[in-house]
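The values are calculated or read from the model by the stated rules, or taken from the named source; none is laboratory data. Everything numeric in this text was worked out from a predicted model, so none of it was measured. Note that we place each Cβ from the backbone using ideal geometry, even for glycine, and neighbour counts take in every protein chain shown. Ligands, DNA and RNA are stripped out before the accessible areas are found, and what is left, the full protein with its side chains, is counted by its heavy atoms. Shrake-Rupley method; radii C 1.70, N 1.55, O 1.52, S 1.80 Å.
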Amino acid sequence: MTVVGLDDTDSRERGMCTTYVATEVASRLAERTGATVQRLLLVRLNPAVEHKTRGNAALAIHLGHDQECDPETVYDVARTTLEDLAETADERTNPGLVVAQHAPDEVPDDVSAFALSAIRDHLSIDEATTLADDRDYRRWGAGNGRGQIGALAAIGAWGTLEDWTWTHECIAYRDPERWGTPRTIDEESVFAAAEVGYPTVWDTVDRVEGETVCVPHTPGPILHGIRGDDPEAVRTVSEAIGGEPVARTQRFVTNQGTDVHLRDGSTLESLSAARDGRAYRLEGRVASEPETRRGGHVFFELGDPINGDDTDASSTSGNADASSANATETLTCAAFEPTKRFRDRVRALRVGDRLTVCGEVARGTLKLEKFAVRDLVETERGTPTCESCDRRMKSAGRGQGYRCRDCGTTAATKVDQPLERDLEVGWYEVPPCARRHVAKPLVRGGFDGPTHPER
Ligand code: ATP
């Protein structure tokens, strides 16, 4: 058995894409080595990595073969294909290839750990090449060789990840010269197929934005990629979509839609310990009213939940003024303009709401991918109402409390008043049009609370 890992073959401007290269490598390997392609793995690595072209994808090909299949031939065929197809004219494209001579599920522990770090952290080229050499893997890199990081991670992923989903890609039958031009797709058929496939097949379209999410906007040969929890269901939806002639299709097992990039924030000392370039799941309380800034981006501060306070699950005890006083350190959370209607959910938050937030931290700001409302503030401090005439009292002067001028009734302080909320307890998420590849859509289930899925 052999596992071939590859990465970093494409360029932003020139098109090409690593999934296509992997498809081509797999078919040439099957043709020239007699090996059987068992599966293709599409692994999304840390979305915060600055060198990525787009979705930080790395690919692994799992090959089954008998004794006669020469590992050197596998390496040669893969390397030649990469040399043929990788967009090395773009100096930011640094292809990498790693070939492991073991069964896909016999991944050594350190290679598995490397894969998880590649999804949740930042690694160096040296770390990849040293580990690959320690394990006697064959490897090759062009340019600065950075692609070997992803290639090794793609081999290790099968040994450590447990949640897998499926993607069915259709590759257009078109000349490479046309790869940058718009794709011809029957949009109506996409929406109809998406409807039939949901909820097993997800993120095909964004119904509210009217967007065909499954059709890439970038140059390249891929016509559409259909995602879901079942291989047959993604194929059925894919086949129901009309458009340009399809030259080839390829199914991938992927970690897309799994949230495996999220680190457990409960081990952090405080919210301010969250580091740039990593993604977290964190607990906290809203510490400032959400504010919409220029460009339509919405920001609020999340404060550390304090001691026993956050163990109180009853929402009636929450109070805006009291809770904000509990926050000691804060982390800025943001819902950027492309997250569209998700921003209305964020704007509906109030100081004191207890949340779980998920997203990547960049320049000290957590970019929200989803959040769970655990506990809603349901009262706010307001000017008292006169018991006799039911009208709002007026201030009786600085530090003098409140008074009804008509009835002469008084009150010493502001009082708790019910607060109308248009949020419920449970998980809210960005819409499909703003979903990161690796982020888990709520419709997939398994969340610790009610969910409010977007589609
Ligand atoms: P596409 O989605 O079009 O395939 P991409 O977004 O996957 O492109 P690449 O061109 O593959 O981007 O570039 C990502 C580069 O970053 C690769 O060289 C990969 O090896 C490297 N890389 C991936 N994850 C990490 C990580 N955690 N730390 C350091 N480098 C990484």
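Residues that are in contact with a strand residue (DSSP E or B) (Cβ under 6 Å, 6 or more places away or on another chain) and open to solvent by 10 Å² or more (accessible area, probe 1.4 Å) were ranked within the range 78-100; the one that is farthest from VAL3 (Cα to Cα) is ASP90. Residue pairs whose Cβ atoms lie under 6 Å apart, sitting 6 or more positions apart in sequence or on different chains, and linking a residue in the range 35-46 that is closer than 12 Å to THR23 by Cβ to a partner that is away from the ligand (no atom under 16 Å from the Cβ) and open to solvent by 10 Å² or more (accessible area, probe 1.4 Å), are VAL37/ALA30. Counting just the residues of the range 375-396 that are in a strand (DSSP E or B) and out of contact with any helix residue (DSSP H, G or I) (no Cβ under 8 Å at 6 or more places or on another chain), which one comes out nearest to SER272 (Cα to Cα)? If we take residues in the range 375-396 being in a strand (DSSP E or B) and out of contact with any helix residue (DSSP H, G or I) (no Cβ under 8 Å at 6 or more places or on another chain), then GLY382 is nearest to SER272 (Cα to Cα). On the given criteria, is TRP202 assigned by TED's automatic domain parsing to the domain that holds ARG235, within 13 Å of the ligand (Cβ to nearest atom) and in contact (Cβ under 8 Å) with a residue 40 or more places away in the chain? When the stated conditions are applied, TRP202 does not pass them. Scanning the range 96-143 for residues being hydrophobic (A, V, I, L, M, F, W, C) and either in a loop (DSSP other than H, G, I, E, B) or near the ligand (Cβ under 9 Å from one of its atoms) (or both) gives a total of 8. In this structure, is SER189 polar (S, T, N, Q), open to solvent by 10 Å² or more (accessible area, probe 1.4 Å) and away from the ligand (no atom under 16 Å from the Cβ)? Judged against the criteria, SER189 is a match. Select from the range 439-452 the residues that are in a loop (DSSP other than H, G, I, E, B) and touching a residue at least 40 places away in the same chain (Cβ under 8 Å) and write down the one among them that is most open to solvent (accessible area, probe 1.4 Å). Going through the qualifying residues, I end up with ASP448. Would you say SER27 is at pLDDT 90 or above, small (Gly, Ala, Ser), away from the ligand (no atom under 12 Å from the Cβ) and under 25 Å from the mean Cα position of the chain (by Cα)? Against the criterion (at pLDDT 90 or above, small (Gly, Ala, Ser), away from the ligand (no atom under 12 Å from the Cβ) and under 25 Å from the mean Cα position of the chain (by Cα)), SER27 does not qualify. Of all residues in the range 32-47 being assigned to a strand (DSSP E or B) and more than 16 Å from the ligand (Cβ to nearest atom), which is nearest to the chain's Cα centre (by Cα)? The qualifying residue nearest to the chain's Cα centre (by Cα) is ARG39.
With the structure loaded, tell me whether GLU289 is part of a loop (DSSP other than H, G, I, E, B) and modelled with pLDDT of 95 or more or whether it fails that test. Yes: the conditions hold for GLU289. Scanning the range 261-277 for residues that are touching a residue at least 24 places away in the same chain (Cβ under 8 Å) and open to solvent by 30 Å² or more (accessible area, probe 1.4 Å) gives ARG263, SER272, ARG275, ASP276. Could you look through the range 48-77, keep only residues that are of a type in the set (D, E, K, R) and either away from the ligand (no atom under 16 Å from the Cβ) or in contact with a Lys or Arg (Cβ under 9 Å, 6 or more places away or on another chain) (or both), and pick out the one that is most open to solvent (accessible area, probe 1.4 Å)? This residue is GLU68. Within the range 167-182, the set of residues being out of contact with any strand residue (DSSP E or B) (no Cβ under 6 Å at 6 or more places or on another chain) and open to solvent by less than 60 Å² (accessible area, probe 1.4 Å) comprises ARG174, THR181. Out of the residues in the range 412-438 that are in a strand (DSSP E or B) and in contact with a Lys or Arg (Cβ under 8 Å, 6 or more places away or on another chain), which is most open to solvent (accessible area, probe 1.4 Å)? Top of the filtered list is ASP416.
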